[in-house]
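Undergrad: One structure coming up, written as structure tokens, with questions to follow.
Here, each number is a calculation from the coordinates, and none is a lab measurement. Computed from a prediction, not measured in an experiment: that's the story for all the values here. Cβ placement follows ideal geometry from the backbone for every residue including glycine, while neighbour counts extend to all protein chains displayed.
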Amino acid sequence: MAANSDDDDQENSPNLLPLLQDQDHSPPSEHYLNSISASLSIRQLRSQGLSFQLWPAAHSLVSLLDSNPQSLLPLNPNLRILELGSGTGLLGLAAAAILRANVTLTDLPHVLPNLRFNADSNADTINSRGGSVQVHQLQWGNCLDADALGGAEAFDAVVASDVVYYEELFDPLLETLRVFVNAEKVFVMGHLRRWKKRDAVFFRKARKVFDVLPVHADAPLPGSRVGVVVYRFKAKKKKMKDSATSCGTTSSEISKFG
């Protein structure tokens, strides 16, 4: 994952990974949502990789949704939300339950079985609230996957947590965002900075295409200098027309934004 040049730039991963992996064989975790007086059950399979465990930004976004959802997303009836890089699905499942939203959870094929397991485990809670959840494959930068989801018109908002991780995925992620985030639609992202220089590359590229505004910052995590920051992305006015038809954008075209 990390190159040697990032060693001195790394801020959070060494402290967090042991904490996230030390209960590899624990039962599903329960996440109580005060606003609806109900819990979500989330199975983690930490030994299977990063996508199978919970990360700090998901907890932060769920807490904000639970306490002050209007600060993140429009509270429209029948809100349609796309989650990128869902992993265990906690964020999207919480959004479906709290906002009574129609949420599409997405990730790579090998992650989907556990994602579906968690969606099924919480179906009664979500359905009782009037929400719904679907699980689909979405490889960032893949036009076929994006088209299968219906493109930008199929969703009102996009969310994600801790998706700025591997530098080789920055361009595919931005390409996918250009497909789904246009006009007045927003992308809400929770992010914990781990590599100062590497993360700066992503945000520099993102700000060429989107207006990026920090809307919330947590206190620093124990043993760390930084906490989770929540950002809201909106397409720049001059980029909106391009964003609506950007699925064919190549990695080289995205790279020029850097």
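Undergrad: Just grab the label-to-label distance for R80 and L108, each label 7 Å out from Cα along the Cβ direction, in nm (one decimal).
TA: For R80 paired with L108, the spin-label model returns 2.8 nm.
Undergrad: Determine, from the Cβ-Cβ distance of S39 and V215 and an R0 of 22 Å, the FRET efficiency 1/(1 + (r/R0)^6), rounded to the nearest 0.05. Please report the intermediate quantities before stating the final value.
TA: Working: r = 27 Å, r/R0 = 1.21.
Efficiency, rounded to the nearest 0.05: 0.25.
Undergrad: Looking at the square roots a ≥ b ≥ c of the eigenvalues of the Cα gyration tensor of the range 137-196, which shape do they give, rounded for a/c under 1.5, prolate if a/b is larger than b/c, or oblate? Don't skip to the answer; put the middle values down first.
TA: Details: a/c = 2.40, a/b = 1.45, b/c = 1.65.
Oblate, since a/c reaches 1.5 and b/c is not below a/b.
Undergrad: Can I ask one more? What does the extension gain come out to for Q137 and Q70, with contour length at 0.36 nm per residue minus their alpha carbon separation? Can you show the working numbers first?
TA: Values: separation 67, 0.36 × 67 = 24.12 nm, distance 2.83 nm.
Additional length available on full extension: 21.3 nm.
Undergrad: OK, next. Would you mind working out the magnitude of the charge dipole of the range 32-162 relative to its Cα centre, with +1 at each Lys and Arg C-beta and -1 at each Asp and Glu C-beta, to the nearest 20 Debye? Spell out each step's value before the answer.
TA: Numbers: 6 positive and 10 negative charges, 64 e Å.
Once rounded to the nearest 20, the dipole reads 300 debye.
Undergrad: I want to make sure I understand the PRE zone here: with the label point 7 angstrom from the Cα of R116 toward its beta carbon, which residues in the range 69-88 have backbone N atoms less than 18 Å away?
TA: Flagged as within label range: 85-88.
Undergrad: Describe numerically, in nm with one decimal, the distance between label points set 7 Å from Cα along Cα→Cβ at F203 and at Q48.
TA: Between F203 and Q48, the label points sit 3.3 nm apart.
Undergrad: Something else now. Give the relative contact order (percent, whole number) for the range 55-192; include only Cα pairs under 8 Å separated by 6+ residues.
TA: Details: 244 pairs, mean separation 37.5, N = 138.
The value is 27 percent.
Undergrad: Assuming a ≥ b ≥ c are the square roots of the Cα gyration tensor eigenvalues, decide whether the range 74-218 counts as rounded (a/c under 1.5), prolate (otherwise, with a/b larger than b/c) or oblate.
TA: Details: a/c = 1.56, a/b = 1.48, b/c = 1.05.
Taking the square roots of the gyration eigenvalues as a ≥ b ≥ c, the range 74-218 is prolate.
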